[in-house]
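Comments concern the structure below.
The values are calculated or read from the model by the stated rules, or taken from the named source; none is laboratory data. Treat the numbers as computed from the prediction; the structure is a model and nothing was measured. Using ideal geometry, Cβ is built from the backbone for each residue, glycine included, and neighbour counts are taken over all protein chains shown.
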Amino acid sequence: MSATINSNYTELAQRVIDTIKTCYDPEIPVDIWELGLIYEINLDDDYNLFVTMTLTSPSCPVAEILPPDVEDKLRQVEGIKSAKVTVTFEPPWEKEMMSEVAQLELGFM
């Protein structure tokens, strides 16, 4: 599964993805993009960014820390007016959502 990206601003969308790739679950040595934790990225015409993400489980120990950290980093992206991260558990995250890069890094391939 890959994230849905709704943006007419390709360069800005790539900067957003690059920023997301700097965010890690401290217990897993792979960024949250490659883990498949980002479900949706929407950028409106006023440069407000809306990201829907999940966690590896509802009881994830970083549930209170990781989403605000992602949101803070996204607010720093040049060209973004505001950023809002929403957490969902639908659909639940599964290891098959990881990229091949993540699966190789974690020894699943």
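Details
Residues checked against (1) farther than 16 Å from residue 51 by Cβ; (2) of a type outside the set (Asp, Glu):
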{"residue": "69", "(1), (2)": "no, no"}
{"residue": "72", "(1), (2)": "no, no"}
{"residue": "75", "(1), (2)": "no, yes"}
{"residue": "78", "(1), (2)": "yes, no"}
{"residue": "84", "(1), (2)": "no, yes"}
{"residue": "95", "(1), (2)": "yes, yes"}
{"residue": "101", "(1), (2)": "yes, yes"}
{"residue": "109", "(1), (2)": "yes, yes"}
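- Extreme residue, nearest to residue 96 (Cα to Cα), among residues of region 32-44 that are surrounded by fewer than 20 Cβ atoms within 10 Å (Cβ to Cβ) and in contact (Cβ under 8 Å) with a residue 24 or more places away in the chain: 40
- Counted residues, region 55-86 - those being within 13 Å of residue 20 (Cβ to Cβ) and not in a helix (DSSP H, G or I): 5
- Test set (1) of a type in the set (A, V, I, L, M); (2) in contact (Cβ under 8 Å) with a residue 12 or more places away in the chain; (3) more than 17 Å from residue 102 (Cα to Cα) - residue 65 fails condition number: (2)
- Test: residue in region 87-94 that is modelled with pLDDT under 95, assigned to a helix (DSSP H, G or I) and surrounded by fewer than 12 Cβ atoms within 10 Å (Cβ to Cβ): no
- Residues that are modelled with pLDDT of 95 or more and among the small types (Gly, Ala, Ser) were ranked within region 64-86; the one that is surrounded by the fewest Cβ atoms within 10 Å (Cβ to Cβ) is 82.
- Looking across region 9-39 at every residue that is part of a strand (DSSP E or B) and at pLDDT 95 or above, the one that is nearest to the chain's Cα centre (by Cα) is identified as 38.
- For residue 60: the one exception among (1) in contact with a helix residue (DSSP H, G or I) (Cβ under 8 Å, 6 or more places away or on another chain); (2) within 24 Å of residue 11 (Cβ to Cβ); (3) surrounded by fewer than 21 Cβ atoms within 10 Å (Cβ to Cβ); (4) at pLDDT below 95: (2)
- In region 45-57, the qualifying residues are those that are of a type in the set (Ser, Thr, Tyr) and surrounded by 13 or more Cβ atoms within 10 Å (Cβ to Cβ), and the one that is farthest from the chain's Cα centre (by Cα) is 47.
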